[in-house]
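Notes for the one structure printed next.
The values are calculated or read from the model by the stated rules, or taken from the named source; none is laboratory data. Quick caveat, the model's predicted, so the values are computed rather than measured. Cβ sites come from the backbone with ideal geometry, for glycine too, and all protein chains shown count toward neighbours.
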Amino acid sequence: MASEPKQSREDAELQEYRNLMPEPESFEEGFDWKAMLGALFIGFVMMPASIYLGLVAGQTMGPAAEWVTIILFAEAAKRSFVVLRRQEIYMLYYIAGGLTAMYGATAISGGAFGQLIWNQYLVQSPAAAAFAEQIPRWVAPSAGSEALQLRTFFHAEWLPAILVLLVRELLSRVSWFGFGYFLFRVTSDIERLSFPMAPVAAQGATALAEASSKTETWRWRVFSIATMIGVVFGVIYVAMPTVSGLVLIRPIRILPIPWIDFTQSTESIFPATPLGIATNLGVIFTGFVLPFWVVVGTFAAAMGSIVINPLLWKAGLLKQWEPGMDTINTTFANGLDFWISFGLGTGFAVALIGFYKMFRGFYEQRSEERRTGRRREAKTPAGRGDFNLWVGPLLYLLSTGGYIALCHYLVPGFPVLFLAFFGLLWTPLTSYVNARMIGLTGQFVPFPFVREAMFILSGYKGVDIWFAPIPLANYGMYAQKFREVELTGTKFTSVIKAEAVMLVLMLGCSLIFWSYIWRLNPIPHVTYPYAQKFWEFTAMQQAFWITATTEHNEVFLRAIKPAVIGVGFGLGLVVYILFSVLSWPVMAIYGFIRGMGQIPHFLLPEIVGAVLGRYYFAKRFGEQEWRRYTPVLAAGFACGMGLIAMVSIAAALIFQSISQLPF
């Protein structure tokens, strides 16, 4: 008999996640009138708070919105002698997460119109001054236009951008649902991959399902403790500067948002090195939840950069840095000189590792089938709400055709062949690789700068292609989303109904609340410290890539260094091989790549959380119990912060509205 393959430390750690939630015995509809009421509550109460919290502190209301909504409806159900089923609880969780999701480093939440808020900032930002006039009107009105001066979406100059936005949102939902469902059927039903992180997410989504009964469990106790910590910290971090800013010229900030910057103070010892510490206690809770070795790898990369940056500067490789630069400018300058190219190389190495793992998985599966004589076949549970397997790819092809047609209409000079490559080859391939990686390890594989490389290789000149809706995405993560839905015993048809309602509600509420907040103050503004700090940096990064297809591409050409890319690629492969041979946790490599060249300020609190969790709390409560606690703790803390943020934000919006009235 063939011996069983040796289990790696990485596989052993992930194995602990696989048995956190049993397979459902039956499936029920989760979207009903209760979920509809929850969607309205989230859209009109949570979404404006989420917008404001993202601008102020760079946080989303997502976890708070999910838990607060669940608690509110569970308590209302108990007093109405109604029991909330697990499927209904999950739909509330699903809708809250979708309507308050946060996008990217800009921490923009509050739906699709947040992207237009970013666009209006970009066309007016100093970073885009060289090409601002070339940005098409279907992205945003030109700088100095009446629509931007009045700060309103209700102007004819916004019509092209809003129409493109609406079409894009519709195509996006059809695309991810169709191909995400197909990937789920292939990787979960046919290949029977474990999706080790799906039970964690599903467990967090249903943790308060017993709230509709009259029995309290450990979840209530853990959740309540974390909520009170979030409330106390939220008063200091969010409420004090927000409320004091209403009556004082300068708001009172005990803790600077988002970090305390030591870069200028330590430049004589660590030149060209951004140093500081994040002030948000929530980062420690993030360290509780993330896999330990991912956090360790990330922290190792940050500590390495503290040593490497001064050496690179002394060697004359960091030419852009100058004494007196703060964290943002130091990070951007170092990226141009070294870390962008190095990150390209290590990213390519991780992508190659992903392909290797995919083919190795195929080989091991085929070997097992030959050894046992049994071929894996799709097992579709009865009542799950499935439809024909090939409906998914058909929906994807239709939406991809829509993407290509829209993009060709907006940017007729860009080669259609590249659009077809994105939609028909690259997106399906990388989405499948990522679905398998998530199904096997719980981690996804980044394929860096493919979009940027294709734009440059196409030979196209112009900035409009950088804003065009090209059919490039990673749908691998949605395979896990369907697995979460399955684990909660919710029919897939509930997701379709929820998405249809969410699309209409998201567009309406996003337009209303972003318009309202934008009219109060320009965005970014001193009232929004996170946006004022980070948006400039993000605009510089985006402008760097856009200049690659313009006549102002000198900075881009200087930043791309083939030798440094090669070093990063080689180092990534060597480290992976070394970890594999020595049976060290390979997940640390993903963390190392994650932390390479990044701002290290958030990583010290994160490693503190990870070490406390693994070496103190896990020993005190038991490792399995602690793993069950962490998602509830993180959600409880976010809930407490969110509640304080909602109260503070409500006061701020009311005060600012009254102060602008003529009486």
Q | Given (1) modelled with pLDDT of 80 or more; (2) closer than 15 Å to Ile644 by Cβ; (3) outside any loop (DSSP other than H, G, I, E, B), index of the condition Thr242 fails | A | (1)
Q) Consider Leu55 against the criteria (1) surrounded by 24 or more Cβ atoms within 10 Å (Cβ to Cβ); (2) modelled with pLDDT under 75: it satisfies all of them except one. Which criterion is unmet? A) (2)
Q.
in contact (Cβ under 8 Å) with a residue 24 or more places away in the chain, on the phi < 0 side of the Ramachandran plot and buried (at least 18 other Cβ atoms within 10 Å of the Cβ): is that true of Ile523 in this structure?
A. yes
**Q.** Failed criterion for Met506 (all others in (1) over 30 Å from Glu28 (Cβ atoms); (2) touching a residue at least 24 places away in the same chain (Cβ under 8 Å) hold)
**A.** (1)
Q: Sort out which residues of the stretch 127-143 are free of Cβ contacts under 8 Å to residues at least 12 places away in the same chain and loosely packed, with under 15 Cβ neighbours inside 10 Å, and write them in order of number.
A: Ala129, Glu133
Q.
I need the full set of residues from the stretch 152-193 which are closer than 14 Å to Phe482 by Cβ and among the aliphatic types (A, V, I, L, M), in order please.
A. Leu183, Val186, Ile190, Leu193
Q) Hey, among Leu166, Leu122, Leu148, which residue is loosely packed, with under 14 Cβ neighbours inside 10 Å and touching a residue at least 24 places away in the same chain (Cβ under 8 Å)? A) Leu166
Q.
Let me spell it out: the conditions are (1) among the hydrophobic types (A, V, I, L, M, F, W, C); (2) in contact with a Phe, Trp or Tyr (Cβ under 8 Å, 6 or more places away or on another chain); (3) closer than 30 Å to Ile565 by Cβ, and Ala498 meets all of them except one. Which number is the exception?
A. (3)
(Q) Residues to consider are Ser188, Ser145, Ser194; find the one that is modelled with pLDDT under 85, of a type outside the set (A, V, I, L, M) and more than 30 Å from Pro393 (Cα to Cα). (A) Ser145
Q.
With the requirement that a residue be hydrophobic (A, V, I, L, M, F, W, C) and under 17 Å from Leu604 (Cβ atoms), what does the stretch 234-256 give you?
A. Leu255
**Q.** Residues satisfying the stated conditions in the stretch 382-396, i.e. crowded, with 16+ Cβ neighbours inside 10 Å and either among the small types (Gly, Ala, Ser) or touching a Leu at 6+ places or on another chain (Cβ under 8 Å) (or both)
**A.** Gly385, Gly392
Q. Taking the stretch 254-276 on its own, how many of its residues are assigned to a loop (DSSP other than H, G, I, E, B) and acidic (Asp, Glu)?
A. 1
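Per-residue answers, yes or no, for (1) among the charged types (D, E, K, R); (2) within 30 Å of Cys639 (Cα to Cα); (3) at pLDDT 85 or above:
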| position | (1), (2), (3) |
| --- | --- |
| Thr217 | no, yes, no |
| Phe223 | no, yes, no |
| Ile277 | no, yes, yes |
| Ala301 | no, no, no |
| Thr330 | no, no, yes |
Q: Check every one of the helices (runs of 4 or more DSSP H) wholly within the stretch 71-184 and list those with 3 or more residues that are more than 30 Å from Val632 (Cβ to Cβ).
A: 113-124, 146-150, 159-184
Q. Restricting the search to the stretch 487-497, which residues are at pLDDT below 85 and either in contact with a strand residue (DSSP E or B) (Cβ under 7 Å, 6 or more places away or on another chain) or not hydroxyl-bearing (Ser, Thr, Tyr) (or both)?
A. Leu487, Gly489
Q.
If the requirement is being at pLDDT 80 or above and closer than 26 Å to Val232 by Cα, which of these qualifies: Val647, Val611?
A. Val611
Q. Is at least one residue of the stretch 314-324 out of contact with any Lys or Arg (no Cβ under 8 Å at 6 or more places or on another chain), free of Cβ contacts under 8 Å to residues at least 24 places away in the same chain, within 22 Å of Ile607 (Cα to Cα) and surrounded by fewer than 17 Cβ atoms within 10 Å (Cβ to Cβ)?
A. no
Q) Is at least one residue of the stretch 19-30 at positive phi, in a loop (DSSP other than H, G, I, E, B), at pLDDT 65 or above and surrounded by fewer than 24 Cβ atoms within 10 Å (Cβ to Cβ)? A) no
Q. If you take the residues of the stretch 84-109 that are more than 20 Å from Ala498 (Cβ to Cβ) and modelled with pLDDT under 70, which of them is surrounded by the fewest Cβ atoms within 10 Å (Cβ to Cβ)?
A. Gly104
Q.
Could you go through the stretch 332-353 and let me know if any residue there is touching a Ser or Thr at 6+ places or on another chain (Cβ under 7 Å) and part of a helix (DSSP H, G or I).
A. no
Q: Quick one: Ile470 ticks every box in (1) crowded, with 22+ Cβ neighbours inside 10 Å; (2) under 18 Å from Gly180 (Cβ atoms) except a single one, so which number is it?
A: (2)
Q: Being among the hydrophobic types (A, V, I, L, M, F, W, C) and within 19 Å of Leu275 (Cα to Cα) narrows it down to one of Ile577, Ile589, Ile599, Ile565, so name that one.
A: Ile599
Q. Any chance the stretch 528-541 includes a residue that's over 30 Å from Ala651 (Cα atoms), at pLDDT 80 or above and either touching an Asp or Glu at 6+ places or on another chain (Cβ under 6 Å) or crowded, with 16+ Cβ neighbours inside 10 Å (or both)?
A. yes
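Would a scan of the stretch 348-359 turn up a residue that is of a type in the set (Lys, Arg), modelled with pLDDT under 75 and within 30 Å of Thr187 (Cα to Cα)?
yes
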